[in-house]
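Chemist: What follows is a single structure, and I will ask about it in a moment.
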Protein chains: 2
Amino acid sequence: MKRHQVTIIDIAKELNISKSTVSRALHGHQDINEQTKKKVLELASRLDYQPNLLATSLVMSKSYTVGMVVPEFLTPFFPSVIMGAQEVMSKAGYNVMICQSNESYEMEVANTKALLASRVDGILASVTRETRNFDHFQALHRKGIPVVFFNRVCEELEVSKVIVDDYEGAFMAVEHLITTGRKRIAHLAGPDSLIISRRRLKGYIDALQKHILPVEEDLIIQYDLTPEKATIYVKHLLDLPNPPDALFAINDPTAIAAMLVIKDKGLRIPQDIAVVGFSNDPASALIEPGLTTVAQPVFDIGREAAYLFLEQVDIDLEEYKPQTKVLQTKLIVRGSSIPHAV
Amino acid sequence: MKRHQVTIIDIAKELNISKSTVSRALHGHQDINEQTKKKVLELASRLDYQPNLLATSLVMSKSYTVGMVVPEFLTPFFPSVIMGAQEVMSKAGYNVMICQSNESYEMEVANTKALLASRVDGILASVTRETRNFDHFQALHRKGIPVVFFNRVCEELEVSKVIVDDYEGAFMAVEHLITTGRKRIAHLAGPDSLIISRRRLKGYIDALQKHILPVEEDLIIQYDLTPEKATIYVKHLLDLPNPPDALFAINDPTAIAAMLVIKDKGLRIPQDIAVVGFSNDPASALIEPGLTTVAQPVFDIGREAAYLFLEQVDIDLEEYKPQTKVLQTKLIVRGSSIPHAV
DNA sequence: AACATTCCCGGGAATGTTCCCGGAAAAATA
DNA sequence: TATTTTTCCGGGAACATTCCCGGGAATGTT
């Protein structure tokens, strides 16, 4: 019907009082008569008054919303992180604006711009696999807007981060393969631009070296994390004159793509080749055999990121010392690495 | 450093011109000298000026953002819909605010309130499994804010909707089971409050009746869509004195939960019991045997919802006639209904 | 009774924009 | 040269809200 939403001025006029009084009534300020307060509250709910957050944010220079930018959310990993963050954020009175960059650097930049335009109070972000330039985050930080990275972080920037112990997780995973008798373990790694790739790769290498196994260049494949490429590279590995007897993948989608190729080729998992993933997606328990993988505390990642934001909001960024939280991972052993495992 | 973001007034002062002129320069209005325009644009980019959307939205009474509220996003269905909507929305110059109600009615109400407070220009929504009261959407509509439902819609409200042909999909699925020799087909249905439950149930019943099979009450189980309950009810069905030889589930997560129970009991799929799901989640292709399911055009659902919003935004809601788009489904046959199928 | 204190309330500035209106200067026409 | 038109710009209201300041009335204190 009416184009115009109910404002405090409408309420004020109706009650023949000033907008200041209405404002005080709605916020439970002390300088207000109980009678008039009651009347205002009554009328407000009768008219279904909804405060205009735009106006409030404008005058307060504070929007009580934070932006969250994730590279993707078709896989349950990032949604879980978001839920964790949302849980603590909403308790603290903040809204969360979710942006999805679709693994595109340009969209990531556009997203941060849009969030900045909406004057969010902070940003929690995980970068795309393409992102090599971090000026857009630097700019936010320079403007005094707290940035917290999680999972896929930017090392150079002096901001708070929450990560999992990728090195430890990868090390455990590979050591597990070694102690169960594997000798030629391949690694499907991510792009060098992502630190998680580098750290997981390091864990892989160190585990091999600890057990005095050779690190062979042609068993290490760095790729861009697209599913199609995963398939191609796994085929390549299997066609090697001396193929690997185990495969450690940077994440579960990659591991699952690998398993499909392997099964398609008629090889047996884990007898002919063992597979281990990373992140314990629900799908890893569904596929047969079950995928051995490194579990991450997904909800806690989001919660911690939110806490790190709350720590620094409302204080001068100058006097805030960025922190890095490292969460622990856990190896989940299933049938893809040990025959007859659950 | 500085708390305060760059505004057009800062630019105006620096250039000794008025804010009006700056505004004109930034928006390419006609009443502007090329020289000054160039100077403004230069300084703006040098200072990394970002327009304050709060102020703009306030004065224009238009935020160029729409809210999207979905019951859940751990499963890829809703994220896919969101991506579809985002695609056409961003082309039209709109931002999308994503809210997730976590299948909680209260959160859904809170979400719509928050979106209203942010003065979104419209809302695309899919309701929770708990939602039986639609006053919060009614209120939006009454305030002149376009609402478009998708997937889980509210029938009573006179707003635009996009759904898939649930009836047809269910009918096809059940007919497929019948023509492949199944006689006692159970149905794990959703709560009566969701229309998709009712329509899929109707498809199930009509398919049975077309092929002159009895509709047995104890083979139809309506439940609240929680995974735990699914497990319990499937066990119950299998323990029946005369157990079913096929199971049609309202969605893939339910079907997959059922498959796990069935396999756990040592029964063979599809020899002992066939299973069919709905929505073709990626997981349905991963599990063994592959899950026969009804595919929905997920991205198109989002796209259509967005189109329906764009149709009615900027016009008087009085003169808009709500539409309902019905998208077609497709049966995907896999090994869970036919032995040795892909 | 005179003064101080408390209790409420209204006025108005400020937030960062957009847009309309009027007007000065420059250019075009007579 | 005088008049009209065009070009360009500044002033100021409006959007919905918060918050500070001042002040009148009621209550309390000496």
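Chemist: Can you name the residue in segment A:57-66 that is open to solvent by 20 Å² or more (accessible area, probe 1.4 Å) and outside any helix (DSSP H, G or I) and, of all such residues, is farthest from B:F78 (Cα to Cα)?
Modeler: Step one: list which residues in segment A:57-66 are open to solvent by 20 Å² or more (accessible area, probe 1.4 Å), which gives A:58-62, A:64.
Narrowing the set further to residues that are outside any helix (DSSP H, G or I) leaves A:61-62, A:64.
Values: A:S61: 34, A:K62: 31, A:Y64: 26 Å.
That would be A:S61.
Chemist: Sticking with this one: Looking at segment B:67-100, which of the residues that are facing chain A (nearest Cβ under 9 Å) and more than 15 Å from the chain's Cα centre (by Cα) is least open to solvent (accessible area, probe 1.4 Å)?
Modeler: Among residues in segment B:67-100 that are facing chain A (nearest Cβ under 9 Å) and more than 15 Å from the chain's Cα centre (by Cα), the one least open to solvent (accessible area, probe 1.4 Å) is B:N95.
Chemist: Looking at the structure I just gave you, is B:T112 facing another protein chain (nearest Cβ under 9 Å) and away from DNA strand C (no atom under 15 Å from the Cβ)?
Modeler: No, not satisfied.
For every residue, the table says whether it meets (1) open to solvent by 40 Å² or more (accessible area, probe 1.4 Å); (2) near DNA strand D (Cβ under 7 Å from one of its atoms).
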residue	(1), (2)
A:T7	yes, yes
A:L15	yes, no
A:S18	yes, no
A:Q30	yes, no
A:E34	yes, no
A:K37	yes, no
A:L43	no, no
A:R46	yes, no
A:A55	no, yes
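Chemist: Restricting to segment A:285-311, count the residues that are of a type outside the set (A, V, I, L, M) and either touching a Cys at 6+ places or on another chain (Cβ under 8 Å) or within 16 Å of A:F150 (Cα to Cα) (or both).
Modeler: Adding up the residues that qualify gives 10.
Chemist: Is it true that A:S80 is at pLDDT 95 or above, of a type in the set (G, A, S) and not in a helix (DSSP H, G or I)?
Modeler: No.
Chemist: Tell me which residues, restricted to segment A:201-237, are under 22 Å from A:G181 (Cβ atoms) and either outside any helix (DSSP H, G or I) or touching a residue at least 40 places away in the same chain (Cβ under 8 Å) (or both).
Modeler: Scanning segment A:201-237 gives A:Y204, A:H211, A:I212, A:L213, A:P214, A:V215, A:E216, A:I220, A:V234, A:L237.
Chemist: Another question, then. Could you check A:A186 against (1) open to solvent by 40 Å² or more (accessible area, probe 1.4 Å); (2) over 30 Å from A:F134 (Cα atoms); (3) not in a helix (DSSP H, G or I) and say which number it fails?
Modeler: (1)
Chemist: Of the residues A:L213, A:L225, A:L219, A:L247, which is assigned by TED's automatic domain parsing to the domain that holds A:K183, open to solvent by 20 Å² or more (accessible area, probe 1.4 Å) and more than 18 Å from A:E103 (Cβ to Cβ)?
Modeler: Result: A:L213 is the single residue among A:L213, A:L225, A:L219, A:L247 that is assigned by TED's automatic domain parsing to the domain that holds A:K183, open to solvent by 20 Å² or more (accessible area, probe 1.4 Å) and more than 18 Å from A:E103 (Cβ to Cβ).
Chemist: Oh, and also: Return the residues of segment A:45-66 that are touching a residue at least 24 places away in the same chain (Cβ under 8 Å), more than 16 Å from DNA strand C (Cβ to nearest atom) and more than 10 Å from every other protein chain (Cβ to nearest Cβ); say none if nothing qualifies.
Modeler: Passing the criteria: A:L47, A:Y49, A:V66.
Chemist: With modelled with pLDDT of 95 or more, within 23 Å of the chain's Cα centre (by Cα) and open to solvent by 60 Å² or more (accessible area, probe 1.4 Å) as the only criterion, which of B:T324, B:T329, B:T292 stands out?
Modeler: Among B:T324, B:T329, B:T292, only B:T324 is modelled with pLDDT of 95 or more, within 23 Å of the chain's Cα centre (by Cα) and open to solvent by 60 Å² or more (accessible area, probe 1.4 Å).
Chemist: Please go through segment B:214-235 and give me each residue that is within 24 Å of B:E175 (Cα to Cα) and touching a Phe, Trp or Tyr at 6+ places or on another chain (Cβ under 9 Å), ordered by number.
Modeler: Within segment B:214-235, B:V215, B:I220, B:I221, B:Y223, B:A230, B:Y233 qualify.
Chemist: If a residue has to be part of a helix (DSSP H, G or I), more than 11 Å from DNA strand C (Cβ to nearest atom), more than 14 Å from every other protein chain (Cβ to nearest Cβ) and under 42 Å from the mean Cα position of the chain (by Cα) to count, how many in segment A:1-44 make the cut?
Modeler: Here the count works out to 2.
The values are calculated or read from the model by the stated rules, or taken from the named source; none is laboratory data. Note that this is a predicted model, so its numbers are computed, not measured. With ideal geometry, Cβ positions are generated from the backbone for all residues, glycine too; neighbour counts draw on all protein chains shown. For the accessible areas, the whole protein counts, side chains as well, though only heavy atoms, and no ligand, DNA or RNA atoms are used. Shrake-Rupley method; radii C 1.70, N 1.55, O 1.52, S 1.80 Å.
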